[in-house]
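These notes concern the structure reproduced below.
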Amino acid sequence: MAAIPAAIPPRDSVRSWPWQDRIGYYTAWGAGMALIAIAASIVLYMAYRGIEYFDLGLFLESPNSTLNQAQSGGFKDPIIGTALLLVMSTVIAAPLGVAIAVWLTEYGRPKGLARTVESAVEVVAGTPSIVLAMFGLVFFQQQWLAVLTFDAEGGAVLGRSFIAAAAMMSLIALPLVVGATREALNAVPGHVREASYALGKTKAATIRRVLLPAARPGIGTGAALGMGRVAGDTAIVVVLLGATLQLLNGSGGSVFGLFRGTGSTLTSYVYYNSPAGEGLAPEKAYFAAFMLMLVVIALNFAVTRIARGREQVWTR
C-alpha cells in the first residue's frame, strides 16, 4: 500500500496578514531597498568620477604640493602609506585581540577582572578616533619614546610616525578581532573540548591545537573588518602621521627610518585634494576615493568569504 503524502500547508501570503503586519513588512522592505539604492548611488557615482579621471601614471608618481593640478603628481606615496598602516596595525591588533578573546572565553578568571577587560574593550570600541589620536599624540611625545617618532630640530619629540599611527589604529581594529574570535570560539561544540581532554591533552594544548585552528576563519573575519576600519580612518592619520603628501623618512636606517617617518594615506590624500581641502586637485581626489572604495569593498568581500567558510566547519 502506497504511503499517503503528508498534506502541504498553504503558503503564507502577505495579503492575508493583518494590516498592521503588512505595514511593518512593507516598511522594512522599503528600508532595505532604500539602503540598496543609497549604496548603489555612492558606488556608481564614485566609479563614474573615478574612471573618468583614470590614469595609470598616478600609481607611479609621488604627489607634489602645487596649485597646478597637471603638475601635482600621483598618489604612489599615499598607497604605500595605506599599505604600511594596514599591515602594521593588523600585526599589533591580531595577536593581542586573539589573546584577549582566548582568555575571556576559555578562562575568564577572576570574574571581576574579566568583566573589567570586557568593559575596556567596549570603551575602546566606542571611543572616537580623534580622541585616540589626541591621546596617542600626547603619549608618543614623551622623551623616552623619541626613538619611535620622527626627528625634529632641536631634539623636540613630535610624536608623529607610522609606528605611533599604527599603534592607535590597532585600537580601532582590536574590538573587532576580539569579538569575532570570541564568537568563533563559542561556536566550537563542547564535546570537541571534552574529546581533547579525554585524550590527555591539557587546556593549553587544547586551545593551541584544537580551538585556535577551528577559530581561524573567525580570526580572519575580525582582522579583515579591522583592516576595513583602519583603511577608512582619517583623524589618526592627520594627527599622528602628519598628513604630509610624500613619505618622509626618520633616521635609523632605511626600513626602521620609514616606520619612524611621516606620510599620508589615501584618506588624507582624498581630503587634502578634495574641494574641501587645499590641494586643489579634485579630479585626482575622485580617482583616489574610487581606489579606496575598491579596497574597502575587497575587504568586505573577504569577510563574506571567510564567514561562509566558518559556517561549514562544524556542519559537515
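Among 295, 157, the sequence by solvent-accessible area, most first, with a 1.4 Å probe is 295, 157. Estimated purely from DSSP H runs of n ≥ 4, each contributing -39500 (n - 2.57), the mean residue ellipticity at 222 nm for the chain is -20500 deg cm²/dmol once divided by its residues. Among the protein heavy atoms of the chain, carbon and sulfur supply 66% of the accessible surface, probe 1.4 Å, non-protein parts ignored.
Shown here: the range 140-240, whose C-alpha atoms stretch 65, 28, 13 Å along the first, second and third principal axes, sorted largest to smallest.
Each residue of the range 116-125 is assigned a 3J(HN,Hα), and the resulting list reads 5, 5, 4, 5, 5, 4, 5, 5, 4, 5 Hz, derived from the Karplus form 6.51 cos²θ - 1.76 cosθ + 1.60 (θ = phi - 60°), x at Gly and Pro. Taking all Cα pairs closer than 8 Å and separated by 6 or more residues, the relative contact order of the chain comes to 23 percent. Ligands, DNA and RNA are left out, and with a 1.4 angstrom probe the accessible area of the chain is 56 Å² per residue. Counted by Cβ distance under 10 Å from residue 175, the other residues give a net charge of 0, where Lys and Arg count +1 and Asp and Glu count -1. In the range 153-296, a dipole from Cβ-located charges (positive for Lys and Arg, negative for Asp and Glu) runs towards its positive end, and of 214, 282, 250 it is 214 whose Cα lies farthest in that direction.
Let's see if you can work this out: charge +1 on each Lys and Arg Cβ, -1 on each Asp and Glu Cβ, no other charges. What is the dipole magnitude of the chain about its Cα centre, in debye to the nearest 20? Write down the numbers at each step before the final one.
Numbers: 23 positive and 17 negative charges, 292 e Å.
Roughly 1400 debye, rounded to the nearest 20.
Per residue, the convex hull spanned by the alpha carbons of the chain comes to 251 Å³. Local charge sum around residue 241 (other residues, Cβ-Cβ under 14 Å, Lys/Arg +1, Asp/Glu -1)? Residues close to residue 241 contribute a combined charge of 0.
Work through the residues other than residue 62 whose Cβ is under 13 Å from its Cβ and net out their charges, Lys, Arg +1 and Asp, Glu -1.
Working: positive: 76, 284; negative: 61, 77.
For residues surrounding residue 62, the net value is 0.
Placing R0 at 41 angstrom, the Cβ-Cβ distance between residue 56 and residue 119 gives a FRET efficiency of 0.25 after rounding to 0.05.
Taking the C-alpha atoms only, the angle from helix 76-102 to the longest principal axis of the chain is near 40 degrees. Each label was represented as a point 7 Å from its Cα along the Cα-to-Cβ direction; for residue 17 and residue 43 these points are 2.7 nm apart. Heavy-atom accessible surface of residue 62, to the nearest 10 Å², is about 40 Å², with a 1.4 Å probe and all protein chains retained. Computed on the Cα trace of the range 213-275, the radius of gyration divided by the Kirkwood hydrodynamic radius gives Rg/Rh = 1.14.
The values are calculated or read from the model by the stated rules, or taken from the named source; none is laboratory data. Small disclaimer: the values here were computed from a predicted structure and weren't measured. A quick note on method: Cβ atoms are made from the backbone with ideal geometry, for glycine too, and the neighbour counts reach across all protein chains shown. Heavy atoms of the whole protein, side chains included, go into the accessibility calculation; ligands, DNA and RNA do not. Shrake-Rupley method; radii C 1.70, N 1.55, O 1.52, S 1.80 Å.
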